[in-house]
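Derivation of every value follows stated rules applied to the coordinates shown; laboratory data play no part. Because the structure is a prediction, the values reported are computed rather than measured. No Cβ is skipped: glycine too gets one built from the backbone with ideal geometry, and neighbour counts run over all protein chains shown.
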Amino acid sequence: MPITLNEFANMLMDAARVSEAEGEGITRACKLVARKARGMIGVDQPFWPPLAESTIEDKARQGYKVPAPLLREGDLKRSIKVDAPYRNGEEVFGYVYSDSPIARYQELGTVKIPPRPFLSTAAMACEPQVHQILAASFFKARFDRWHLISHILHKAWDDAKELAEMDEDEKQ
């Protein structure tokens with residue numbers, strides 16, 4: 001029996017949902033980078049310059065953990081956010097960012113503060129895992145789409161055979 005218009009509409013809606021796997025992969029990748037960036041705050045990184053003695057003394061005087069670069073009350077750590085997924089046509093992407101102005105000063109440095117990049121460094125450190133996450137999600141999306149299209153074609157083939165058999169029966 002041929003598929004109904006409603007069944008066909010449901011199949012098309014299922015095909016649209018397949019792209020959700022891509023968005024889920026982007027979101028997972030962004031969350032991974034954000035966790036890595038948060039984990040860098042308060043931990044000496046080998047590529048960061050040491051804190052100035054005046055900074056260490058000031059932090060100790062105020063009761064903060066020392067040296068613990070970039071960490072005082074945890075505001076910078078809490079400011080790291082993920083905004084994903086975004087879609088622009090076929091493109092799916094996301095953002096890992098901090099809405100703290102201090103993040104920009106620490107990430108890029110200033111005249112008085114040497115750069116201590118934590119967002120860009122986290123992104124680079126996570127790159128192999130990000131590739132794995134995205135490859136898995138994109139493969140799943142393509143496989144799911146292929147499976148759905150295969151299902152639709154098989155259903156159409158079965159319907160065509162049934163109609164051909166009905167035509168043959170009518171001719172006899």
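Per-residue Cβ neighbour counts within 10 Å put Phe118, Phe93 in the sequence Phe93, Phe118, beginning with the fewest. In a reduced charge model with +1 at each Lys and Arg Cβ and -1 at each Asp and Glu Cβ, the range 19-67 shows a dipole moment near 160 debye about its Cα centre.
Between Gln62 and Ile113, the contour length at 0.36 nm per residue exceeds the Cα-Cα span by 16.4 nm. Cross-link pairs exceeding 23 Å in C-alpha to C-alpha distance, out of Lys140/Lys161; Lys31/Lys65; Lys59/Lys112; Lys31/Lys140, comprise Lys140/Lys161; Lys31/Lys65. When each of the peptides 44-54, 69-79 is scored by the mean number of other C-beta atoms lying within 10 Å of its residues, the order from highest to lowest reads 69-79, 44-54.
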